[in-house]
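Colleague: Just passing along the structure, written as structure tokens.
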Amino acid sequence: MYAVACAVTVVALGETLWRGVDDRGVALAFGVLVAVGELARWGGGGDREPAPLGAAGALAYALLGTAAGQPTHHGVGQVVTIAVAGALVGCVPHVARGKGPTLDHMARRVLTVGFAAVCFQPLYNQGKLEEWLGDGAPYALLIAGLLALTALCDAVLAAAMVHARTRWPFGPLLRDELRAMLGIGSAVCATGAVMALAVAVAGLWALPVISLPLLLTQLAFRRYSAVKATYRQTIASLARATEIAGYTPHGHALRVAALSRAVGRDLGLSEPDLTVLEYAALMHDIGQLSLLDPVAEGATAVLPTAQQRRIALLGGAVVRQTGVDAQVAVVVERQADPYREQPLPARIVRTANAYDEMSREQGPQGPLTALERLRLATGRDYQPEVVEALARVVAHPGLRLGSAG
């Protein structure tokens, strides 16, 4: 996909240089809008769409037919060139700070904008759209429909890129991307459609007016993201209580949470389920605070079953008092049950916890020995599918066990 995006960019740039820039004022206005959108990006690439204004501006230009009642003449190549040029100019300050866009975001931007332009510009420039639809409601519905189709294309590309890099199941990844489209993605599509239609009637002066609501929406999403990050940090801090009290080794909860989330991804859990799983993994040992004497190295996997269940039930009671989602408490409470009676998140937490405890005991050969011991216990204590998913996860060179999320 990187190669295709690069080829599309090179061909578009070559075509634009050969033919020249049509409607230079319109092209400049949209190029500046895309650059401003990139300047206003809110993250270093971790968000699904960190530069919504830039994306909306590029899509609006791809679907622009007239400006103030006058027909435009730009083609697909010029659309891609302006979108890429504006994005590169706008991301320069972010690159200087080491927070530039990722290759995934840049490739997706090129391919989705190119897709929208290919669907619209040839038909418009040949006069087919005016002949078939006129300039009323059918034309507006076409713009909205093309943007919805482009959003679907972007979701498929995003899921495919993550799948190719991680080998996580494609279906759940696509489902998460489509669910995310209901948030900032829907605002991007709606703004792109309104921009294209407003510029067609009112001209380029409509761009700053239409951009303001999306900037305010972006600000609201940024605050929402900050609240979510603070919420997770609060849970992680609460989970460290067992480390501070000397009941569990340093970093154990974070390692178990990172392992659990990665295993859940491998098994195809959706994003909401992964969040519940991560929080439960962070707080899975909170019940140890009820013990009079700490367990050596916090290794609860070797305790008698009755004591494991007591710790799990007490941990679930503590979690319920914190106001965290009740599903998190259920996972914490059920982690010591027979695995055939557990929900899948509890099976994952139990396996990840046992692996982290066992791998500490055997020195450099700890991970291999721990996996072997888990496999030998699959008929009694651990689900075979979860153990095999864990084996695939720990073999992945990109896994980071120092932090979760």
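Colleague: Could you tell me which residue out of V118, P338, L88 lies farthest along the dipole of the chain toward its positive end? Charges go on the beta carbon: Lys and Arg +1, Asp and Glu -1, centred on the Cα centre.
Modeller: Going by the Cα projections, it comes out as P338.
Colleague: When every alpha-carbon pair in the chain is counted, what percent end up more than 39 Å apart?
Modeller: 34
Colleague: On to the next question. Which one of A395, A68, A27 has the biggest mean-square fluctuation once the chain is modelled by GNM with Cα springs under 10 Å?
Modeller: Among A395, A68, A27, the largest mean-square fluctuation in the Gaussian network model of the chain belongs to A395.
Colleague: Follow-up. How many angstrom lie between the C-alpha centres of the stretch 333-392 and the stretch 129-182?
Modeller: 39
Colleague: So what's the angle, to the nearest 10 degrees on a 0 to 90 scale, between helix 271-282 and the longest Cα principal axis of the chain?
Modeller: Helix 271-282 sits at roughly 30 degrees to that axis.
Colleague: So which trypsin sites (Lys or Arg not before Pro) in the stretch 189-293 end up in coil per DSSP with only 13 or fewer other C-beta atoms within 10 Å?
Modeller: Loop-located and lightly packed - none at all.
Colleague: Another question, if that's okay. Place a +1 charge on the Cβ of each Lys and Arg in the chain and a -1 charge on the Cβ of each Asp and Glu, then give the dipole magnitude about the Cα centre in debye, rounded to the nearest 20.
Modeller: Dipole magnitude for the chain comes out near 480 debye.
Colleague: Here is a further query. Please list, in chain and number order, the residues 5+ apart from A67 or on another chain whose amide H is under 5 Å from its amide H, with Hs placed from the backbone.
Modeller: T72
Colleague: Given a 1.4 angstrom probe, I'd like the percentage of the accessible area of the chain that is carbon and sulfur, rounded to a whole number.
Modeller: Within the chain, the accessible surface is 64 percent carbon and sulfur.
Colleague: What does the net charge come to around V92 if you take all other residues with beta carbon closer than 13 Å to its beta carbon, with K and R at +1 and D and E at -1?
Modeller: So the surrounding residues net to +2.
Colleague: While we're looking at this one, here's another question. I'd like to check one number: the per residue accessible area of the chain, probe 1.4 Å, reported in Å² as a whole number.
Modeller: For the chain, the per-residue accessible area is 46 Å².
Colleague: Which value in deg cm²/dmol, rounded to the nearest 500, describes the helix-derived mean residue ellipticity at 222 nm for the chain, given -39,500 (n - 2.57) per DSSP H run of n ≥ 4 and division by the residue count?
Modeller: Counting only the DSSP helices, I get -23000 deg cm²/dmol.
Colleague: Next question, about the same structure. With everything on Cα atoms, drop me the angle between helix 170-180 and the longest principal axis of the chain, reported from 0 to 90° to the nearest 10.
Modeller: Approximately 60 degrees, to the nearest ten.
Colleague: So for the chain, taking the charge dipole from beta-carbon charges (+1 Lys/Arg, -1 Asp/Glu), which of G145, G65, L313 sits furthest toward the positive end?
Modeller: Towards the positive end, the residue furthest out is L313.
Colleague: Next question. Could you state the angle between the C-alpha long axis of helix 206-239 and the longest principal axis of the C-alpha atoms of the chain, as a value from 0 to 90 degrees rounded to the nearest 10?
Modeller: For 206-239 against the chain, the angle is about 10 degrees.
The values are calculated or read from the model by the stated rules, or taken from the named source; none is laboratory data. The shown structure was predicted, so the numbers you read here are calculated from the model rather than taken from an experiment. Note that each Cβ is placed from the backbone with ideal geometry, even for glycine, and that neighbours are counted across all protein chains shown. Ligands, DNA and RNA are excluded from the accessible area calculation, which covers all protein heavy atoms including side chains. Shrake-Rupley method; radii C 1.70, N 1.55, O 1.52, S 1.80 Å.
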